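Participant: Sharing a structure here in structure tokens format.
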Amino acid sequence: MISWIKRNKLATVLLLVVAFFLFKQYSGGIRPLYQSVPSYGGVSEDSFALKSSSGINNLFLPAREAAPTTGTDRLVVQESNLSLVVKDVRNSSDKAIEYAKSAGGYMVSSSLSQPEEAPYAFVVLRVPSEKLKETTEYFRSLSIKVSSENLVGTDVTDQYIDLEARLAILNKTKVKFEEIMNQAVKVPDMLEVQRELINVQSQIDSIKGQQLYLEKTAELAKISLNLSTDEFSLPYAPTDTFRPAVIFKQAVRSMVGTARSLAKLAIWIGVYGIIIVPVGLVIWYFRKRRKIKTGQNSS
């Protein structure tokens, strides 16, 4: 091998160049895709992070569970995740969105990919919490098989009550400042009190926005749908059982992938062959000519 490389240095360099470009082509990764989600008052729906305008006393959902409060209506944020195997991904996705709208909800986001092997859709919906059960039952009826189902509830009552207490204190503080404002005579004092009133009112508005966010997220349950014709394309892997049909599908998919890779490699070789073939012919010509001269000299 080493002796061949020494005799064919130019050909070796060309092969290394081709190998470098092939490696560069097939070593690239897949960049993640990010989708924006709606928010209430500038607060992301998925982060569940709530912050006051002063930057103090941040609330995060779900927070560490506190002692439950009795004698009041509970505020529970519900979220359901479904992974469904369906016959027609696009049709099932459209039906799910239409049903959510008819139930008084709306679509948050929807994405559909259609690879040749297994179409896949991810749909996020919001529906009234009291209609969550019947909505999930309808979604299950669209499927051939329910691969997985998950329902999570987060009790935010204590956070809401804490916001009410802070709001009551701020309202009392605002009344006191208004009384001082009415009694102020000097302009600097009036301006100082006015600044404090603006700051207190800003905090009041922020807390009211947080309360509205909690109320809306408790009223509308979130449903995340994963739809595909192939169970292996869903985010939750199925049980490890022997299923010849699935194994056959995986083998066909692997064969198609291998055929594509070989076709790409053939295209690369064909393109670089425009350079490699003439150079190879030149090298072959000079080597043959040198052998002829060597034979003539020896004779």
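The values are calculated or read from the model by the stated rules, or taken from the named source; none is laboratory data. The structure displayed is predicted, hence computed values, not measured ones. With ideal geometry, Cβ positions are generated from the backbone for all residues, glycine too; neighbour counts draw on all protein chains shown.
Participant: Listed residues Ser129, Ser147, Ser111; which is under 30 Å from Arg74 (Cα atoms) and in the same structural domain as Leu234 (by TED's automatic domain parsing)?
Facilitator: When all the criteria are applied, what remains is Ser129.
Participant: When region 75-105 is examined, which residues are found to be more than 19 Å from the chain's Cα centre (by Cα) and hydroxyl-bearing (Ser, Thr, Tyr)?
Facilitator: Ser92, Tyr99, Ser102
Participant: In this structure, does Val123 turn out to be surrounded by fewer than 17 Cβ atoms within 10 Å (Cβ to Cβ) and under 28 Å from the mean Cα position of the chain (by Cα)?
Facilitator: In short, no.
Participant: Filter region 197-227 down to the residues that are in a helix (DSSP H, G or I), of a type in the set (Val, Ile, Thr) and either under 25 Å from Tyr106 (Cβ atoms) or under 23 Å from the mean Cα position of the chain (by Cα) (or both) and list them by number.
Facilitator: Result: Thr217, single match.
Participant: Continuing with the same structure: Mind checking which pairs have a first residue in region 88-103 that is closer than 14 Å to Ile223 by Cβ and a second that is in a helix (DSSP H, G or I), Cβ under 6 Å, 6 or more apart or different chains?
Facilitator: Ala96/Phe139; Tyr99/Tyr138; Ala103/Lys131; Ala103/Thr135
Participant: Assess whether Ile169 counts as being exposed (fewer than 15 other Cβ atoms within 10 Å of the Cβ) and modelled with pLDDT of 90 or more.
Facilitator: yes
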